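The structure appears right after this line, and notes come after that.
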Amino acid sequence: MAVTTETYSAAAGWSRSDVVTLLESGFTFAGMHGGPIAGITSTVKTHFGGGTVGSSSTVYFDVPVATTSGIGTGATFNVRRSSGNIADIKVNRVGYNYAENETVTIDPLAIEIIGSPTMEIPT
């Protein structure tokens, strides 16, 4: 089996853009620089449910999905609560195989609330 290698380097005094250019060259050489990837979670379209608990204000990081209406997997979210309510949900890890408008539910115990928050995922 033959193995082909390629070396990419930057001169002294390299910048961040030089690193990005080298990575792009390497990915292209490896055949890993393709078109857009479908099925990843990019944002939360809507969220509802969850109720309130006291007046807690905190952020929960890397909250996993408990259930989903489709086959998507691997997404995690950062959930911010303010005055006990869910104030904001952001995608932390994009996961894969999510369909447009797929509904995911996170475990309420993961963010210390009553009721399961549910989100709709646009891709």
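Counting only other residues whose beta carbon sits under 9 Å from that of ALA87, what net charge do I get with K and R as +1, D and E as -1? Don't skip to the answer; put the middle values down first.
Values: positive: ARG80, ARG81; negative: ASP88.
Around ALA87, the surrounding residues sum to +1.
Of the listed peptides 20-28, 59-67, 75-83, what is their order by residue-averaged count of other C-beta atoms within 10 Å, with the highest listed first? Don't skip to the end; give the middle numbers.
Working: 20-28: 12.6, 59-67: 15.2, 75-83: 19.0.
Going by the mean number of other Cβ atoms within 10 Å, highest first, we get 75-83, 59-67, 20-28.
At a Förster radius of 35 Å, what calculated FRET efficiency corresponds to the Cβ-Cβ distance of TYR8 and TYR96, to the nearest 0.05? Walk me through the numbers on the way to the answer.
On the way: r = 28 Å, r/R0 = 0.81.
Once rounded, the FRET efficiency stands at 0.80.
Bear in mind that the values in this text are calculations on the coordinates, not laboratory data. Keep in mind that what you see is a predicted model, and the values were worked out from it rather than measured. Positions of Cβ are backbone-derived with ideal geometry, glycine not excepted, and every protein chain shown enters the neighbour counts.
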